1. In the list Ala113, Ala162, which residue meets the criterion of being loosely packed, with under 14 Cβ neighbours inside 10 Å and at pLDDT 95 or above?
2. For Arg267, indicate whether it is of a type outside the set (Val, Ile, Thr), outside the structural domain of Ala34 (by TED's automatic domain parsing) and buried (at least 16 other Cβ atoms within 10 Å of the Cβ).
3. When the range 157-187 is examined, which residues are found to be among the polar types (S, T, N, Q) and closer than 24 Å to Leu240 by Cβ?
4. Under the condition of being surrounded by 15 or more Cβ atoms within 10 Å (Cβ to Cβ) and charged (D, E, K, R), which residue from the range 85-110 is farthest from Val65 (Cα to Cα)?
5. Output yes when any residue across the range 233-254 is of a type outside the set (D, E, K, R), within 17 Å of the chain's Cα centre (by Cα) and surrounded by fewer than 20 Cβ atoms within 10 Å (Cβ to Cβ), and no when none is.
6. Could you list all residues from the range 297-348 that are of a type in the set (Val, Ile, Thr) and surrounded by 17 or more Cβ atoms within 10 Å (Cβ to Cβ)?
7. Quick one: would you say Ala187 is under 25 Å from Cys73 (Cβ atoms), without any contact (Cβ under 8 Å) to a residue 24 or more places away in the chain and assigned by TED's automatic domain parsing to the domain that holds Ala3?
8. If I go through the range 305-329 residue by residue, how many of them are of a type outside the set (Val, Ile, Thr) and closer than 18 Å to Arg275 by Cα?
Amino acid sequence: MLALDRLPVPIVQAPLARRISTPALVAAVAEAGALGFLAGGYLTAAELAADVAALRRRTAAPFGVNLFAPQPCPATDPELDAYRARLLPEAERLGVALPPVAGVAARDDDDWAAKLDLLLAHPVPVASFTFGLPAAGVLAALRERDTAVVVTVTTVAEARRAATAGADALCVQGPEAGGHRGTFDPAAPPGALPLLDLLAEVRAAVSLPLLAAGGLASGHQVSTVLRAGAAAAQLGTAYLRTPESGASALHKASLVDPRFDCTVVTRAFSGRPARGLATRFSREHERHAPAGYPRVHWLTSPLRAAGTAAGDPDVVAMWAGTGHAAATEEGATELTRRLWAEAEQAEGATV
């Protein structure tokens, strides 16, 4: 089983959903001796299988696959209907139709069972989970197949539960992280404890290797979390502008657009707290959005697709961490090597 506390280069490329984590990106990160992740979120099991096969054709190096743990949708149909009604003027302006609330109810499990069957039938070196804690039997079954299991946590309580369930390592996600918060309770307000403080508290509570995630964008920051006790630093936004990334051209450009000089945590696009660039859509609709993931995600999907096609970043979920302005267009291999060289230099300067 892969030892996550002994990676040759203790940098992890975060799973970036909607095929932003392409096989080319993960393989390029692996070329630098670090660990990359494919993201299974929003894919069918067949699509994920195709990505895994494509990655294995590119590299024999270890890699990970991330899945969204199943979760209930806390919002009621009347709450979702009210939010849909609020978004109708946006849909009319963009010339698209919004699906009826009843039409998105069947998409809630993200093809969980079939994806899990895939990982059990064709084991991968690392499996990680976001949005919740799978049953202990699921973790045990993966470990029996020599798959190291990582669970994303955002609080000490979640960390203790994951450790008890049999996780091999934890991804400690601070509030600075881009994209969705990995909170177990989709309706709970996300924690605001900064990454370094959260890392210290989790480290004191459990003895598992910890991957630190949240706004990291430089080698100095990588060095900082390693010195704080993390086994590795996990970065996502830093890889969004690489040529291997599957992010849209609009998303890549917006990360360094001076108009978007800050990020916010919002439920407006998906119904689950997520950090992204502060756009008009997030400003106008955040306080009205119900805790309705994943149904709100599918409800707003036509708006986001139309915004991308029209080149309008204000109606697209531009997920980004607090360090987004530092993202570069370097190749993923070169970026990983530079970050690690900077981290080693920073570490040497502190000795």
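The values are calculated or read from the model by the stated rules, or taken from the named source; none is laboratory data. Since this is a predicted model, take the numbers as computed values, not measurements. All Cβ positions, even for glycine, are placed from backbone atoms using ideal geometry, and neighbour counts span all protein chains on display.
1. On the way: Ala162 fails: loosely packed, with under 14 Cβ neighbours inside 10 Å.
Just one listed residue meets the conditions, Ala113.
2. Against the criterion (of a type outside the set (Val, Ile, Thr), outside the structural domain of Ala34 (by TED's automatic domain parsing) and buried (at least 16 other Cβ atoms within 10 Å of the Cβ)), Arg267 qualifies.
3. Gln173, Thr183
4. Ranking the candidates gives Glu90 first.
5. yes
6. Thr300, Thr308, Val315, Val316, Thr322, Thr333, Thr336
7. The answer is no for Ala187.
8. Summing the residues that are of a type outside the set (Val, Ile, Thr) and closer than 18 Å to Arg275 by Cα in the range 305-329 gives 12.
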